[in-house]
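The values are calculated or read from the model by the stated rules, or taken from the named source; none is laboratory data. Predicted model only: the values in this text are computed from it and were never measured. Here Cβ is always computed from backbone atoms with ideal geometry, including for glycine, and neighbour counts include all displayed protein chains. Just so you know, the surface numbers come from the protein's heavy atoms only, side chains and all, with ligands and any DNA or RNA stripped out. Shrake-Rupley method; radii C 1.70, N 1.55, O 1.52, S 1.80 Å.
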Amino acid sequence: ERVQTFSGIDRVVGTMGHANHLSAFLVMSFPIVCLFRIGAWKRHARGVGLFLMAVELLAATLVVFSLSRAAWVAGGVMLFVFAIGLALVAKSRKIVFSALIPWTIGLILGVLYFSAAPFAKEGLTSEGISPVQMNQLLSTANSEVANPFWLRLQQMSLSDLTEGTRWPIWKAAFAMFLDHPFLGVGLDCFRIAFERYRPLDYWIVEWGATPAKAHNELLHILATQGGFGFIAVLIMITGIGISFVRAVPVHPLSDQLFLVAVFAGLLGFFTKN
């Protein structure tokens, strides 16, 4: 029943518990769905192909509706890597064009929805938004209309990261790691440990709120699992990269395309986190 809101509207969450989790899942899974759709076209299974294309289009639209800035960046990284991989492995512009059409259309539809739908500035609520962020929204909005998508887009500047809520949390997370460099403060203990490291600038922008996570997976691992956790993740990421490089040349074309899809989805996932 808990729903995240932004600028007075509900963010789509699905069954993932949070809009950020849903958008990460959609970005990560898109290349796989796309590859199966291309395979369906080749087998002349048009019904399956059309259904999977609809899934891709809806997924892209939902990523826009999630209002997740990190997902938008991750989607761009995923699409770029996926397109380059398809071009290098399949050596066909047609397959690259076919792969990107549904995602592109879905993104355009999502943006057009926010551009066409009326959002009254008076409808802005403080739910889910800190007082400082609310003032920023009101100051950057037009005199009559506050469009959530364009407001969110304006919050993707570097200054928003350094002056908003993220930077103080990141500073506190790194301070936790410096004080507990080997094992961190413990799993699921970020919220408890944060009280000792709460910076004044975070109190100003979020008042009494206490974050349960660092909003950056690498910093969260450093803070809660320390150097050992970081080394474990580094080994896993390195292993994935080495496995991908070794596997692609020794497999047939269909498997190579599947590996490219998995790798592009993983890069989108890592970028998101």
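Can you name the condition, by its number, that Arg2 falls short on among (1) within 21 Å of His215 (Cα to Cα); (2) under 19 Å from the mean Cα position of the chain (by Cα)?
So Arg2 meets the others, but not (2).
Can you list residue pairs whose Cβ atoms sit under 7 Å apart, with the first residue in region 39-50 being modelled with pLDDT of 95 or more and the second being in a helix (DSSP H, G or I) and open to solvent by 60 Å² or more (accessible area, probe 1.4 Å)? Count only pairs 6 or more apart in sequence or on different chains.
Ala40/Val48; Gly49/Trp41
If we keep just the residues of region 178-203 that are farther than 20 Å from Gly226 by Cβ and loosely packed, with under 13 Cβ neighbours inside 10 Å, which is modelled with the lowest pLDDT?
To start, the set of residues in region 178-203 that are farther than 20 Å from Gly226 by Cβ comprises 198-203.
Next cut, loosely packed, with under 13 Cβ neighbours inside 10 Å only: 200, 203.
Working: Leu200: 87, Trp203: 84.
It comes out as Trp203.
Given the conditions (1) surrounded by 15 or more Cβ atoms within 10 Å (Cβ to Cβ); (2) under 25 Å from the mean Cα position of the chain (by Cα), report the number of the one that Thr238 does not fulfil.
(1)
Test Leu107 against the stated conditions and say whether it is under 18 Å from Ser68 (Cβ atoms), open to solvent by less than 60 Å² (accessible area, probe 1.4 Å) and at pLDDT below 80.
Working: under 18 Å from Ser68 (Cβ atoms): yes; open to solvent by less than 60 Å² (accessible area, probe 1.4 Å): yes; at pLDDT below 80: no.
Criteria not met by Leu107.
Condition check: acidic (Asp, Glu) and either under 20 Å from Gly75 (Cα atoms) or free of Cβ contacts under 8 Å to residues at least 24 places away in the same chain (or both). Does Asp255 satisfy that?
Details: acidic (Asp, Glu): yes; either under 20 Å from Gly75 (Cα atoms) or free of Cβ contacts under 8 Å to residues at least 24 places away in the same chain (or both): yes.
Yes, satisfied.
Read through the list (1) outside any loop (DSSP other than H, G, I, E, B); (2) within 27 Å of Gly186 (Cα to Cα), then give the number of the only condition that Ile242 fails.
Single failed check for Ile242: (2).
Looking at (1) in contact with a strand residue (DSSP E or B) (Cβ under 7 Å, 6 or more places away or on another chain); (2) open to solvent by less than 20 Å² (accessible area, probe 1.4 Å), find the lone condition where Val27 falls short.
Unmet condition: (1).
Take region 224-235 and flag every residue that is open to solvent by 70 Å² or more (accessible area, probe 1.4 Å) and either aliphatic (A, V, I, L, M) or not in a helix (DSSP H, G or I) (or both).
Hits for region 224-235 are Ile231, Leu234, Ile235.
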